[in-house]
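A.B. asks: Take this structure first; my questions come after.
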Amino acid sequence: MNLLIIAVAAALVNNVVLSQFLGLCPFLGVSKKINTAAGMGGAVIGVITIASAFCSLIYDFILTPLDLTYLNTIVFIVVIAALVQFVEMLLKKTSPALYEALGVYLPLITTNCAVLGIALTNVQNGYNFIESVVAGFGTAVGFTIAIVIMAGIRERIEDNDVPESFQGMPIVLLTAGLMSIAFFGFSGIL
Amino acid sequence: MLRQWEVLQLNKCIERLYNGLIKENPTFVLTLGMCPTLAVTTSAINGIGMGLSSTVVLVMSNLMISLLRKVIPDGVRMPAFIVIVASFVTMVQFLMQGFLPSLYESLGIYIPLIVVNCIILGRAEAYASKNPVLPSIFDGLGMGLGFTAAITILGALRELIGGGTILSTGSSALVDFTTMGYTPASIFILAPGAFFVLAMCIAVMNRIKKKHGMEPAQVPDYCGKDGSCASCSNSMCGGKAMIEAEAKKEA
């Protein structure tokens with residue numbers, strides 16, 4: 001039950017994009033079409049879940065015993081960068097079909113602040129290994145929900161007559177603001 | 001009397017400052033580093049704190065990367081840059097925790113996340129890794145101050161509309177409109193307000209740019225006129241990386 005609460009809170013209540021503003025670059029940059037948005041979402045789910053697991057293990061079994069917890073930012077970012085490279089190579093070798101579908105998004109994820117953000121929040125909240133993985137997975141699902149909805153709305157906006165000054169970035173940000181208000185409704189469920 | 005070389009250097013440094021503050025302002029013109037821009041701008045003080053700490057990291061990492069630009073092998077330059085930036089961020093984090101604990105508390109997780117701010121890695125890749133030390137320092141300073149100015153303006157606007165105060169520090173404020181009968185629209189200091197205020201600021205910028213015959217701000221994936229990213233120097237931008245990856249796939 002506790003795990004369910006962590007997952008729902010991470011996915012909907014504290015939505016990573018719309019209330020914590022993490023991972024905004026891909027949210028704004030890769031949300032032009034629903035297909036690419038879904039692909040990005042899939043890749044993010046994979047990477048964040050694996051990265052949360054690894055970072056949690058490294059924090060508990062390497063950094064804490066050695067009293068090096070203050071190095072967590074440096075260690076986590078290096079681990080995440082290496083992990084993304086490794087996942088990319090692994091996918092290329094073992095599953096070319098999956099690589100075709102998700103591979104192009106992997107390089108984008110290394111510097112996605114959501115991945116590092118989740119790893120650091122997990123440590124801050126004192127989550128154990130399983131809780132970290134669940135929180136990571138929930139967050140990534142929340143990201144996917146947000147980016148796919150955003151892509152759907154943007155496909156519709158294409159056909160509309162937007163005032164000149166609001167074309168491009170401003171209208172997308174306004175849309176995100178309205179979505180953020182909608183997601184505020186979830187804060188009552190926990 | 002300044003020698004010609006020194007005059008050239010000086011001109012270059014001033015040009016870098018102007019470039020960061022106005023011409024390529026990272027927030028309003030390039031729309032980079034959106035995460036901290038939106039997350040910490042609930043008040044002007046937070047904006048200044050975040051902006052200045054990013055500026056320190058930007059200047060120090062530009063300095064370091066420019067010094068090491070001939071030593072770092074091309075193949076591993078990204079990881080090397082990330083480690084350099086992360087080291088400076090950790091130092092700034094400790095200094096802030098020690099000397100400005102209340103600011104540290106209110107900026108929270110966004111201090112370590114300066115590591116993945118695209119402005120810093122973008123400048124490292126686009127400028128510091130190719131240019132001498134002095135212009136790189138001024139490039140970092142210009143970009144950092146441009147970022148600070150932008151997020152301070154955003155923070156001040158949100159604080160004014162959403163909290164009814166100017167330069168509030170939690171306990172006291174420079175001007176407090178709530179005591180004069182103003183009811184704050186608190187949605188502006190919540191998450192949605194961040195998106196709305198930034199959207200309005202960029203819309204105003206677009207209007208100004210239009211008057212001067214410049215391109216309006218676009219969502220990163222099609223900055224170029226023809227949908228290409230060829231002319232862009234920001235290698236950390238999601239859109240650019242994706243277009244390059246797609247081109248590689250087709251080839």
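The values are calculated or read from the model by the stated rules, or taken from the named source; none is laboratory data. Just so you know, these numbers come straight off a predicted model, no measurement behind them. Note: ideal-geometry Cβ built from the backbone for every residue, glycine included; neighbour counts use all protein chains shown. For the accessible areas, the whole protein counts, side chains as well, though only heavy atoms, and no ligand, DNA or RNA atoms are used. Shrake-Rupley method; radii C 1.70, N 1.55, O 1.52, S 1.80 Å.
A.B. asks: If you take the residues of the stretch B:77-116 that are open to solvent by less than 20 Å² (accessible area, probe 1.4 Å) and facing chain A (nearest Cβ under 8 Å), which of them is nearest to B:Ala39 (Cα to Cα)?
C.D. replies: Here the residue is B:Leu113.
A.B. asks: Continuing with the same structure: Considering (1) within 30 Å of A:Phe184 (Cβ to Cβ); (2) more than 9 Å from every other protein chain (Cβ to nearest Cβ); (3) at pLDDT below 50, say which one B:Cys223 fails and leave the rest.
C.D. replies: Among (1) within 30 Å of A:Phe184 (Cβ to Cβ); (2) more than 9 Å from every other protein chain (Cβ to nearest Cβ); (3) at pLDDT below 50, B:Cys223 violates only (1).
A.B. asks: Report, ordered by the first and then the second residue, all pairs with beta carbons closer than 8 Å, sequence separation of six or more or different chains, a first member in the stretch A:83-98 that is farther than 19 Å from A:Val115 by Cα and open to solvent by less than 40 Å² (accessible area, probe 1.4 Å), and a second member that is aromatic (Phe, Trp, Tyr) and outside any helix (DSSP H, G or I).
C.D. replies: Between residues of the stretch A:83-98 that are farther than 19 Å from A:Val115 by Cα and open to solvent by less than 40 Å² (accessible area, probe 1.4 Å) and residues that are aromatic (Phe, Trp, Tyr) and outside any helix (DSSP H, G or I), there is no close pair.
A.B. asks: Might you check whether a residue that is open to solvent by 40 Å² or more (accessible area, probe 1.4 Å), part of a loop (DSSP other than H, G, I, E, B) and modelled with pLDDT under 90 occurs anywhere in the stretch B:145-168?
C.D. replies: First, pick out the residues of the stretch B:145-168 that are open to solvent by 40 Å² or more (accessible area, probe 1.4 Å): B:145, B:149, B:153, B:156-157, B:160-161, B:166-167.
Filter once more, so that each one left must be part of a loop (DSSP other than H, G, I, E, B): B:167.
Adding the requirement that they be modelled with pLDDT under 90 leaves B:167.
Yes, because at least one residue in the stretch B:145-168 is open to solvent by 40 Å² or more (accessible area, probe 1.4 Å), part of a loop (DSSP other than H, G, I, E, B) and modelled with pLDDT under 90.
A.B. asks: Please indicate, with yes or no, whether at least one residue in the stretch A:60-69 is within 12 Å of chain B (Cβ to nearest Cβ) and open to solvent by 30 Å² or more (accessible area, probe 1.4 Å).
C.D. replies: First, pick out the residues of the stretch A:60-69 that are within 12 Å of chain B (Cβ to nearest Cβ): A:68-69.
Adding the requirement that they be open to solvent by 30 Å² or more (accessible area, probe 1.4 Å) leaves A:68-69.
Yes, the stretch A:60-69 contains at least one residue that is within 12 Å of chain B (Cβ to nearest Cβ) and open to solvent by 30 Å² or more (accessible area, probe 1.4 Å).
A.B. asks: Can I ask one more? Could you tell me whether any residue of the stretch B:58-71 is buried (at least 17 other Cβ atoms within 10 Å of the Cβ), touching a helix residue (DSSP H, G or I) at 6+ places or on another chain (Cβ under 8 Å), on the phi < 0 side of the Ramachandran plot and outside any helix (DSSP H, G or I)? It would help to see each step written out before you state the result.
C.D. replies: At the first step, the residues of the stretch B:58-71 found to be buried (at least 17 other Cβ atoms within 10 Å of the Cβ) are B:58-66, B:69.
Narrowing further to those that are touching a helix residue (DSSP H, G or I) at 6+ places or on another chain (Cβ under 8 Å): B:58-66, B:69.
With on the phi < 0 side of the Ramachandran plot added as a condition, the list becomes B:58-66, B:69.
If we keep only those that are outside any helix (DSSP H, G or I) as well, we get B:69.
Yes, because at least one residue in the stretch B:58-71 is buried (at least 17 other Cβ atoms within 10 Å of the Cβ), touching a helix residue (DSSP H, G or I) at 6+ places or on another chain (Cβ under 8 Å), on the phi < 0 side of the Ramachandran plot and outside any helix (DSSP H, G or I).
A.B. asks: Take the residues in the stretch A:1-35 that are in a helix (DSSP H, G or I) and more than 15 Å from the chain's Cα centre (by Cα), then tell me which one is farthest from the other protein chains (Cβ to nearest Cβ). Even if it seems obvious, please write down each step before you answer.
C.D. replies: Within the stretch A:1-35, the subset in a helix (DSSP H, G or I) is A:2-13, A:24-29, A:34-35.
If we keep only those that are more than 15 Å from the chain's Cα centre (by Cα) as well, we get A:2-6, A:34-35.
Working: A:Asn2: 22, A:Leu3: 22, A:Leu4: 24, A:Ile5: 21, A:Ile6: 17, A:Ile34: 14, A:Asn35: 13 Å.
Going through the qualifying residues, I end up with A:Leu4.
A.B. asks: Would you mind listing the helices (runs of 4 or more DSSP H) fully within the stretch A:94-190 where at least 1 residues are farther than 22 Å from A:Ala11 by Cα? Break it down into steps so the answer makes sense when it comes.
C.D. replies: Details: elements: A:96-102, A:106-109, A:113-124, A:129-157, A:169-184.
So the answer is A:96-102, A:106-109, A:129-157, A:169-184.
A.B. asks: Count, please, the residues in the stretch B:177-212 that happen to be under 10 Å from B:Arg158 (Cβ atoms), facing another protein chain (nearest Cβ under 7 Å) and open to solvent by 10 Å² or more (accessible area, probe 1.4 Å).
C.D. replies: Selection size over the stretch B:177-212: 1.
A.B. asks: Follow-up. In the stretch A:112-127, which residues are open to solvent by 30 Å² or more (accessible area, probe 1.4 Å) and within 19 Å of A:Ala82 (Cβ to Cβ)? First the steps, then the outcome.
C.D. replies: The first filter runs over the stretch A:112-127 and keeps only residues open to solvent by 30 Å² or more (accessible area, probe 1.4 Å), leaving A:121, A:123-127.
Answer for the stretch A:112-127, where residues must be open to solvent by 30 Å² or more (accessible area, probe 1.4 Å) and within 19 Å of A:Ala82 (Cβ to Cβ): just A:Val123.
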